Amino acid sequence: MNLKSKIPVSLKYFLKAIPTFSYDFYRFYKYSGLNSTKKESSLVALIIHDYHVIEKGLTMPETQLGFGKAKMFILISSCKDYIKRFGYNHEQVKHAVKVILEYKNLHDKLGFKLDEELINELQSLKNIANETSPSVQISITKSDYFSHTSSSFLEFSNSRKSVRNYSEKNLSIDKIINAVALARNTPSACNRQPSKVYVYTNKDKIKEILDVQGGNRGFGHLTNKLIVIAADQSVFFGINERYQTYVDGGMFAMNLLYALHHEKILGCILNCSHTDKKDKQMREVCPINKSEVYIAMIACGEAPEQFKIAQSYRNSLEKYVKVF
C-alpha cells in the first residue's frame, strides 16, 4: 500500500507549509529590527520612522504645540547613538536632525516653552551635528498641487504626496469609482486580479474603522471617504505564492493612489499591518470576505485652498539601484 496516496491533499499542503513558513519566520526573526537596532540599517529605519512622526505633526491642520515630546526624546537619542557609532554622514540622519531643529524653531517662533530637559537634549544634539539648518515642511496651494495631473508621468508622479488635510466639501463617490476603474489596469500574477475595494461614506462608520486602525491621529476626523483595499487569497495555490496576495494588492494600492491623484482627490495611505488580535477586531468593524486580507486603507477628501505636506525625504538613487 502506498502510504503517500492515503494522505489527504490538504494535509500534504499543510506539511509542506510548515518548513516554508518556519524558514520565513527564521529569516524575519534574524534579520529584521524586531529584537535589536544594533544593525546600522535598522537604526536608520527607526530614525526615519520617528522623524516622520514629527514631520506629520508639523503638517497637521491644527498642530498641537508640545506634541511628540516622548518621541522627540527617542529620536534625539537614536540620532546621537547613530552619530557616535557610525559618524554624521548618512543623509537620512542629517534630515532627522533638520526636522528636530524645525520642531524647535516652530515652538520658539510661537513662544511655546518646551520642557527644559528636552531643550538640553536638543542643544546637545545641535552641538554634535553643527552647521545643520532646520528643514521646512512644504506649504502648497490646491491649484499648485494639482497642476501636473495632466503632465508627463515624471512630473505627475513627483507631484503626488500623502496629504492629511481635507476640506469640508463632500467628495463625489463617482470620482472614486472613476479612480478604481483606472486602477484596474494594475498587473497581477497570471491576471488573477485579487484586489478588492470597499468604500465607506458614513462618518460614524469611518471613525469606528479608523479608531481600530490607529494611525490617523490628528487628521482622521477630516476623512470624507475611506477606501479599504483587500486582496483575495483564494486565487493563489502553491506555497510559493503565499505572499503574492500582498504583492499584487500592494501594486493595486499604488496604482489607485495615482488614479486618485489624477481625479484630483487628496489621499493618505494607511497601514494595515495587523497583529492577529487587531485583524480580528478590524474584521468586526470592517467586514471583508474570510478569504481576503487587508492590504491598506486610503483616507480621502477634497483639497482645501492651502495645506501642508511632509517632506518625507527620499534616499539617493544610489541606495535604490545596483547594476550587475
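The values are calculated or read from the model by the stated rules, or taken from the named source; none is laboratory data. Note that the coordinates shown come from a computational prediction; the quantities given were computed from them, not determined experimentally. Methodologically, a virtual Cβ is constructed for each residue, glycine included, from the backbone with ideal geometry; neighbour enumeration extends over all protein chains shown.
Table for the structure above
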{"read-out": "Scan of region 287-316 for residues that are modelled with pLDDT under 95 and loosely packed, with under 11 Cβ neighbours inside 10 Å, ordered by number", "value": "316"}
{"read-out": "Tally, over region 267-324, of residues that are in contact with a Leu (Cβ under 9 Å, 6 or more places away or on another chain) and part of a strand (DSSP E or B)", "value": "11"}
{"read-out": "Odd one out for residue 128 among (1) under 22 Å from the mean Cα position of the chain (by Cα); (2) surrounded by 13 or more Cβ atoms within 10 Å (Cβ to Cβ)", "value": "(1)"}
{"read-out": "Checklist (1) small (Gly, Ala, Ser); (2) on the phi > 0 side of the Ramachandran plot; (3) in contact (Cβ under 8 Å) with a residue 12 or more places away in the chain applied to residue 111, failing item", "value": "(3)"}
{"read-out": "Qualifying position, being closer than 29 Å to residue 135 by Cβ and hydroxyl-bearing (Ser, Thr, Tyr), among 246, 313, 294", "value": "313"}
{"read-out": "Count of region 173-231 residues which are among the acidic types (Asp, Glu) and part of a loop (DSSP other than H, G, I, E, B)", "value": "0"}
{"read-out": "Tally, over region 192-224, of residues that are touching a strand residue (DSSP E or B) at 6+ places or on another chain (Cβ under 7 Å), free of Cβ contacts under 8 Å to residues at least 24 places away in the same chain and of a type in the set (D, E, K, R)", "value": "0"}
{"read-out": "Qualifying residue in region 235-253 (condition: closer than 19 Å to residue 56 by Cα, of a type outside the set (Gly, Ala, Ser) and within 17 Å of the chain's Cα centre (by Cα))", "value": "no"}
{"read-out": "Any hit, region 4-27, residues being under 21 Å from residue 314 (Cα atoms) and of a type in the set (Phe, Trp, Tyr)", "value": "no"}
{"read-out": "Pairs where the first residue, in region 24-37, is in contact (Cβ under 8 Å) with a residue 24 or more places away in the chain and the second is part of a helix (DSSP H, G or I), C-beta under 7 Å, 6+ apart", "value": "37/43; 37/46"}
